[in-house]
Amino acid sequence: MSKEYPTFGAMSVNVVLLISIAAVSYFSFSNKALYTNLLFSPYIIIREKQWYRFISSAWVHADFMHLAFNLFVLYGFGNFLENVFVLWFSEVGKGYYLFLFLGSVVIAGIPSYLKHKDNAAYAAIGASGGVSGVLFANILLQPFNNLYLFGAIPIPGIVFGVVYLWYSRHMSKKGTDNIGHDAHIWGALGGMAILIVMRPSVLLSFFQQILGFLPL
């Protein structure tokens, strides 16, 4: 008996993510109630049992710059990753890609949830956790593929990844800005972990690429 996969037709999950995140974020800029009902608030989550906020917070952003940056990175790396999943798993790969994005969003929020569940003043927004997961899943697949800093300076993905995680950890300890650096770190780690669970062979491929690059 042949194995049947659920079909998503020609729909691109990444395009749906991009459009929906852009639309909801845009409307939330002028709709305070929508913004408030979607943001990530551990204090509200644990008391009102509004667990959906772990995911819905990825659909609201602070401003156009915050939104544009996340959409730019998601567009640049999400399409490739989704196509890889389709190549591996047929059309059901689109669902796997969605799971990786949403799973990264949830994983990114867990440390903040545990840390701030009794802090009524704490709130977080943005798709950065999911975007970091997608970006680092790409780095795991292609560690020496160049990323372009400021759109012009080529940096091998693995170098960018190490510097990015170090910087995020450093800034998280300093706590001098209003950026969720912990979400970036855990979203990145979550994306890689989910990818490895889905396709364990990527870990072996990653180390083979590293060894192949070394002058041994």
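Each reported figure results from applying straightforward, stated rules to the coordinates on display, with no laboratory input. All values reported here derive from a predicted model rather than from experimental measurement. Here the Cβ is made from the backbone with ideal geometry for all residues, glycine too, and neighbour counts use every protein chain on show.
Of Ala68, Ala108, Ala121, Ala137, all but one fail to be more than 13 Å from the chain's Cα centre (by Cα), of a type outside the set (D, E, K, R), in a helix (DSSP H, G or I) and under 27 Å from Leu39 (Cβ atoms); the exception is Ala68. Anything in the range 188-205 that is assigned to a helix (DSSP H, G or I), of a type outside the set (Gly, Ala, Ser) and within 20 Å of the chain's Cα centre (by Cα)? List them, or say none. Answer for the range 188-205, where residues must be assigned to a helix (DSSP H, G or I), of a type outside the set (Gly, Ala, Ser) and within 20 Å of the chain's Cα centre (by Cα): Leu189, Met192, Ile194, Leu195, Ile196, Val197, Met198, Val202, Leu203. All conditions in (1) crowded, with 16+ Cβ neighbours inside 10 Å; (2) among the charged types (D, E, K, R); (3) closer than 22 Å to Leu135 by Cα hold for Arg53, with the sole exception of (3).
Looking at this structure, is Gly180 over 19 Å from Trp88 (Cα atoms) and in contact with a helix residue (DSSP H, G or I) (Cβ under 8 Å, 6 or more places away or on another chain)? Even if it seems obvious, please write down each step before you answer.
Numbers: over 19 Å from Trp88 (Cα atoms): yes; in contact with a helix residue (DSSP H, G or I) (Cβ under 8 Å, 6 or more places away or on another chain): yes.
Taking the combined requirement at face value, the residue satisfies it.
Restricting the range 176-212 to residues that are in contact (Cβ under 8 Å) with a residue 12 or more places away in the chain and charged (D, E, K, R), which is surrounded by the most Cβ atoms within 10 Å (Cβ to Cβ)? Among them, the one singled out is Asp182.
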